[in-house]
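For reference, the structure discussed in these notes is given below.
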Amino acid sequence: MSKKLRKVKDTIIKPCTNCYSPTHMIFNYSFISYGLDDLTQEEKAALFDRIIDLSSQEYLLISQRRKNTGLELIEENQINKQIPKGFLDSNSHRKFPGKYSVFRLYPNNNPTNGRVIGVFIKYIFYIFYIDPKGKLYNHD
């Protein structure tokens, strides 16, 4: 038997027992820099309902939804706001992916075209802006 075969034969593959592989979206509120203070009670309730809806289903299902009930991506230059300072400085594993992830505060824009804007990295949605009136970017 060759040495190469012996090395492969001696290798033991163990499944990772302490690994966490998320299947659902997780929300991070640490970097909200716009809109939180301007929400009405009704908008706060709608935001809470949307977060419950999105976090209660597997990301794979959400990623296959249409943008009116799931997520959509928009280019960084479509929003005239800066990425919150602490986001990139506070942790080296977070890198801005170049596009914002957006979900609608109200599916189908009813009663308003409000949006929640942030970035999505490794199943974590970092919320940056809550835009209840839909004024941060052009929706056409």
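Let me know the shape class of segment 22-69, please: from the alpha-carbon gyration tensor, a ≥ b ≥ c as square roots of the eigenvalues, rounded when a/c is under 1.5, otherwise prolate if a/b is greater than b/c, or oblate. Judged from the Cα gyration tensor, segment 22-69 comes out prolate (a/c at least 1.5, a/b above b/c).
The relative contact order of segment 24-131, computed from alpha carbon pairs under 8 Å that lie at least 6 residues apart in sequence, is 37 percent. Charge dipole (Cα centre; +1 on Lys/Arg Cβ, -1 on Asp/Glu Cβ; no other charges) of segment 42-91 amounts to roughly 60 debye. Under the simplified labelling scheme, the Ser21-Ser33 pair shows an inter-label distance of 3.5 nm, with each label point 7 Å from Cα along Cα→Cβ.
Computed from the coordinates by the stated procedures, all read-outs in this text should not be read as laboratory data. Worth saying up front: this structure is predicted, and the values here are computed from it rather than measured. Reconstructed Cβ throughout: ideal geometry from the backbone, glycine too, with neighbour counts over all protein chains shown.
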